[in-house]
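Structure first, commentary second.
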Amino acid sequence: MVVRPGTGWPGDRATSRTAVARDAAAVRSLAGSASAVSVLSARVSVCRACPRLVAWREEIARTKRRAFADQEYWGRPVPGFGVDRPAIVIVGLAPAAHGANRTGRNFTGDRSGQWLYAALHRCGLANQPTAVAADDGLELIGTRIVASVRCAPPANRPTPEERDTCRPWLVRELRLVWPDVRAVVVLGGFAWANLWPALRMSGISVPDRVPPFTHGLEVPVDGRTVLGCYHVSQQNTFTGRLTEPMLDAVLGRAVMLAGGRSALAV
């Protein structure tokens with residue numbers, strides 16, 4: 001079984017009355033009319049617009065991984081996590097099947113999250129270096145983490161149609177937080193490719209020709225800076241393609257662009 005809205009899951013902003021998007025048109029309508037990050041997060045978390053993703057995430061929540069057999073799974077789309085007025089936005093790919101799809105919070109309960117939150121803590125962007133559950137006390141400082149696609153996809157590969165159906169949630173979230181944003185850290189090529197049309201759809205002016213994704217790349221956008229970073233996937237961290245110093249350098253640069261630790265802590 002998946003977690004029902006309004007039943008007390010930590011951080012769940014939805015209730016039994018939250019409007020549910022059941023197709024792409026409804027996603028566009030409900031995302032576009034969200035008046036605040038909290039409203040958007042609630043609507044994201046009950047979306048049922050992509051039948052394949054709904055079936056997959058709920059099947060994972062029912063069957064579970066043996067190591068988590070005694071735990072309840074979230075089994076719903078995962079909304080953004082962090083402050084509602086961030087100076088730094090981190091954009092990832094999609095929830096992990098037994099990570100965020102289990103815990104209900106981005107990069108929580110998996111090895112990618114171990115890397116990311118440890119680095120955020122080292123850079124002064126998180127109050128603790130670990131993320132294991134939605135009620136573990138983790139708080140972000142001046143930062144918000146969002147996913148390009150909000151449901152766990154089979155083999156971590158959403159289809160182009162699923163990506164496009166989900167994009168209005170990202171579009172609206174970017175629009176709502178943009179006034180305070182100073183830096184955007186993009187984890188991996190999928191998120192990089194998805195970000196630019198989302199920014200355009202948000203009404204934000206972007207370069208006519210966007211450079212291909214590379215680690216450490218910086219692109220000025222509307223008085224802000226978009227930074228490329230290899231994803232914190234095990235494929236990258238286990239092989240040494242992404243190292244802790246490399247990750248710290250990108251996040252540290254984002255902190256500097258946002259005015260430093262003291263500015264973020266306000």
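The values are calculated or read from the model by the stated rules, or taken from the named source; none is laboratory data. Since we're looking at a predicted model, the values are computed, not measured. With ideal geometry, Cβ positions are generated from the backbone for all residues, glycine too; neighbour counts draw on all protein chains shown.
A few remarks follow.
- Considering only residues in the stretch 136-164 that are in a loop (DSSP other than H, G, I, E, B) and among the basic types (Lys, Arg), the one that is surrounded by the most Cβ atoms within 10 Å (Cβ to Cβ) turns out to be 150.
- Failed condition for residue 38, given (1) among the polar types (S, T, N, Q); (2) assigned to a loop (DSSP other than H, G, I, E, B); (3) under 26 Å from residue 120 (Cα atoms): (2)
- Residues in the stretch 215-248 that are more than 21 Å from residue 156 (Cβ to Cβ) and among the β-branched types (Val, Ile, Thr): 219, 221, 225, 226, 243.
- Test for residue 46: is it part of a helix (DSSP H, G or I) and of a type in the set (Val, Ile, Thr): no
- Test: residue in the stretch 209-232 that is modelled with pLDDT under 95, touching a Phe, Trp or Tyr at 6+ places or on another chain (Cβ under 6 Å) and either among the charged types (D, E, K, R) or over 30 Å from residue 55 (Cβ atoms) (or both): yes
- Whichever residue in the stretch 162-203 is in contact with a strand residue (DSSP E or B) (Cβ under 7 Å, 6 or more places away or on another chain) and among the β-branched types (Val, Ile, Thr) and, among such residues, is nearest to residue 263 (Cα to Cα): 181
Here's the yes/no breakdown for (1) touching a helix residue (DSSP H, G or I) at 6+ places or on another chain (Cβ under 8 Å); (2) in a helix (DSSP H, G or I):
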site: 198; (1), (2): yes, yes
site: 204; (1), (2): yes, no
site: 208; (1), (2): no, no
site: 226; (1), (2): yes, no
site: 240; (1), (2): no, no
site: 248; (1), (2): yes, yes
site: 255; (1), (2): yes, yes
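- Pair list, Cβ < 7 Å and 6+ apart or interchain, from the stretch 63-77 residues that are under 19 Å from residue 45 (Cα atoms) to residues that are in a loop (DSSP other than H, G, I, E, B) and of a type in the set (D, E, K, R): 73/64; 77/150
- Within the stretch 189-200, the set of residues being surrounded by 20 or more Cβ atoms within 10 Å (Cβ to Cβ), among the aliphatic types (A, V, I, L, M) and farther than 18 Å from residue 254 by Cβ comprises just one member, 198.
- Hits in the stretch 68-92 - residues which are part of a loop (DSSP other than H, G, I, E, B), aliphatic (A, V, I, L, M) and crowded, with 22+ Cβ neighbours inside 10 Å: 78, 87
- Residues being of a type outside the set (Lys, Arg), part of a loop (DSSP other than H, G, I, E, B) and touching a residue at least 12 places away in the same chain (Cβ under 8 Å) - total across the stretch 103-135: 17
- When 232, 186 are screened for being of a type outside the set (Phe, Trp, Tyr), in contact with a helix residue (DSSP H, G or I) (Cβ under 6 Å, 6 or more places away or on another chain), surrounded by 23 or more Cβ atoms within 10 Å (Cβ to Cβ) and outside any loop (DSSP other than H, G, I, E, B), only 186 passes.
- Residues of the stretch 30-58 that are without any contact (Cβ under 8 Å) to a residue 24 or more places away in the chain and surrounded by fewer than 13 Cβ atoms within 10 Å (Cβ to Cβ): 33, 35, 51, 55.
- Residue 241 crowded, with 20+ Cβ neighbours inside 10 Å and over 17 Å from residue 90 (Cβ atoms): no
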